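Only one structure is covered here, and it is reproduced in the block below.
The values are calculated or read from the model by the stated rules, or taken from the named source; none is laboratory data. Because the structure is a prediction, the values reported are computed rather than measured. Methodologically, a virtual Cβ is constructed for each residue, glycine included, from the backbone with ideal geometry; neighbour enumeration extends over all protein chains shown. When the accessible area is computed, the model is the full protein with side chains, heavy atoms only, and any ligands, DNA or RNA have been set aside. Shrake-Rupley method; radii C 1.70, N 1.55, O 1.52, S 1.80 Å.
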Amino acid sequence: MTVSTDSVPGSHDVAVDDRRREELLFREARRRQRRRRLIWAGFFVLVLAMVGYGVYGQEQALHRNPTAKHLVATPVADRSVAVLNCKDVAVVEPKNFVISCADGNTMLTKTRWIRWNRGGATGTTDFAINLCNPSCFASKMSLFPQSTVVLARPMKTQHGVLFSELVVRYRADGKLSKFSMSWNGDPAFRR
């Protein structure tokens, strides 16, 4: 005697339920795959947008600060010339640098040096200064992004060859302003 599965009661319903379950699982797998593809596509679009904005942002910064247009990066700094920090340590290409050690009211932040050699140093910086309005004690630091900084006049000192002059050009209220500092005559610059 042969038994056919078609003749077993309920076996047809089990096969249909299995097929439906397989179809539902297959659809769910396709849905998840589409969702993953969309997430990855969104991620790549976001990365491309960030890269594009970074390039655009740099270009816009150069348009806002015409003095920075001529700056071209050089990969190696001349370590034989430095600038003296507030701890009397000679440093090369400092990213952050306090200019006025006595009160800390002027500093360079996020500095990117484009040139650093015995002929001078040039870079872009976010220049921070206390404008002392109404008084130095009562006012906060003002930040001027995309300013240019120039170090010049290297001198032989007890700490080695150090830059003795600093000039920062920044925009305040739409006008180009200049901050200058000279360490010539500073006791640290004695031989």
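Quick notes on this structure:
- Across the range 162-191, the residues whose backbone nitrogen lies under 19 Å from the label position 7 Å along the beta-carbon direction of R118 are 162-165, 191.
- I129 exposes around 20 Å² of accessible area when a 1.4 Å probe is run over every protein chain in place.
- When the pairs K140/K175; K87/K178; K87/K156 are compared against a 22 Å limit on Cα-Cα distance, K87/K178 fall above it.
- Residues listed by number, the range 140-157, amide nitrogen under 15 Å from K87 label point at 7 Å toward C-beta: none
- Sparsely packed loop sites in the range 119-191 (the chymotrypsin sites (Phe, Trp or Tyr not before Pro) outside DSSP H, G, I, E and B with at most 12 other Cβ atoms within 10 Å) comprise F137.
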